[in-house]
Amino acid sequence: MNTRNLEKEFVSLISQHQGIIHKVCHIYCSHSEDRKDTAQEIMMQLWRAYPSFRGESKISTWVYRVALNTAISNFRKIKARPLIKTLAELREIPSEDDGGLDEETTLLYKAISRLSKIEKAIILLYLDEKSYAEIAEIIGISKSNVSVKLVRIKSRLGNTLKPLFDP
Amino acid sequence: MNEVKDMVPDKLKTIWQNSDRAVSSRNRLDETAISHWIKRNSATSLSNLSRDSLLEAGLLLIVLAHLDAGIVLRSGGWKLLLLTGVLNLLFAFFIAVLFRQFRITNRIKLGDRNLRETLTDLTEVLKGNLVWLKRVSLFGPVGFLCGVPVCFKVMLDVDVFMDGKGLAIAACFTAVLIAAYYPVHNLIVRLQYSNPIKDLEDCLKELQEPERGREGRPGSDRQN
């Protein structure tokens with residue numbers, strides 16, 4: 001395939017799956033400038049890796065793999081964030097460039113932003129309806145390990161956000 | 001507790017799916033923008049290097065070009081030419097460091113491996129680079145030592161040091177500079193690399209944690 005066709009195919013692919021890139025950037029970067037830089041870095045890595053993509057896994061799985069690998073290995077300094085245990089504490093944290101999102105979504109993002117880099121990756125894949133097998137493939141751990149980690153993450157998020165869901 | 005766990009994920013997924021639309025539509029790029037971006041970024045692989053490194057290299061090149069041109073125009077003699085030679089050598093060394101950074105950036109392909117393999121690979125590469133930078137930093141004091149006598153001779157010729165006291169102060173300062181170069185350079189390199197390496201190692205440790213304790217435990221695979 002010549003470069004022009006490859007580029008056309010790649011552009012179409014990115015256009016369809018750019019939601020994944022934006023979600024990963026939103027979870028790993030709190031400022032819009034960092035998000036923009038990380039999104040560009042992810043697209044560059046995708047473009048570099050695309051010629052060797054053999055279609056052995058789903059395209060979305062491959063995009064997730066590249067996006068998470070890029071975001072997690074990013075060396076930008078991230079301030080250590082204290083663990084949040086209650087919804088009231090979460091509400092007190094000032095929002096960072098989240099204008100336009102409703103309160104529930106902002107709180108969910110805030111709660112996720114308190115998780116570790118690995119936990120963020122796992123919950124992101126889980127919320128995007130990826131199976132345990134796919135999560136295990138992207139992260140590189142066993143399905144049982146995915147299961148153990150998910151129980152822990154859901155419990156942490158659940159305890160913090162539970163009052164939000166109570167009628 | 002179980003009630004919380006069972007109820008929350010569904011609700012979380014609902015919120016997530018709603019946010020998905022909002023986040024994606026707010027940042028959406030059209031195909032022309034993506035195409036334009038690819039052309040701009042694939043045109044030069046130098047963009048893989050940090051902007052600061054390129055700026056430093058550019059400034060150093062301008063300074064050296066001016067120095068070379070000045071020497072040629074004023075014909076300052078072989079001593080000045082030797083000094084320029086040493087500076088050019090240091091510049092070549094700096095370029096070698098940049099070239100290595102460039103090679104490392106290109107070596108790490110983030111699309112071929114899963115997260116655990118990528119983190120392992122990256123940690124090894126960074127550790128290797130740390131060792132390499134520590135080794136090559138030994139050349140810094142050598143470069144200074146080569147350049148200093150020539151520099152002093154030139155300064156004495158043009159009468160920069162008014163008396164012996166000034167010369168003694170300059171000599172002490174130079175000695176401190178040469179002695180301090182290696183430890184200070186190593187400290188800077190360590191500060192620059194130790195945090196990312198620690199960060200990567202922490203991630204790897206977290207990935208392996210429950211797996212070690214649960215190896216061989218039956219019935220732990222639970223599909224969603």
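Some observations on this one:
- Restricting the first member to the range A:137-148 and to residues that are at the interface with chain B (Cβ under 7 Å from one of its Cβ atoms), and the second to residues that are hydroxyl-bearing (Ser, Thr, Tyr) and part of a loop (DSSP other than H, G, I, E, B), the beta-carbon pairs closer than 7 Å and six or more apart or on different chains are A:137/A:57; A:144/B:220; A:147/B:220.
- When the range A:49-85 is filtered for residues that are aromatic (Phe, Trp, Tyr), modelled with pLDDT of 80 or more and more than 18 Å from residue A:133 (Cα to Cα), the ones remaining, listed by number, are A:50, A:53.
- Taken together, the residues in the range A:18-39 that are over 20 Å from residue A:112 (Cα atoms) and within 7 Å of chain B (Cβ to nearest Cβ) amount to 1.
- Residues (at pLDDT below 70 and β-branched (Val, Ile, Thr)) located in the range B:8-47: B:8, B:23, B:44
- Condition check for residue B:219 on (1) at pLDDT below 70; (2) within 10 Å of chain A (Cβ to nearest Cβ); (3) on the phi < 0 side of the Ramachandran plot: one failure, at (3).
The values are calculated or read from the model by the stated rules, or taken from the named source; none is laboratory data. In this text the structure is predicted, and so the values were computed from the model without any measurement. Methodologically, a virtual Cβ is constructed for each residue, glycine included, from the backbone with ideal geometry; neighbour enumeration extends over all protein chains shown.
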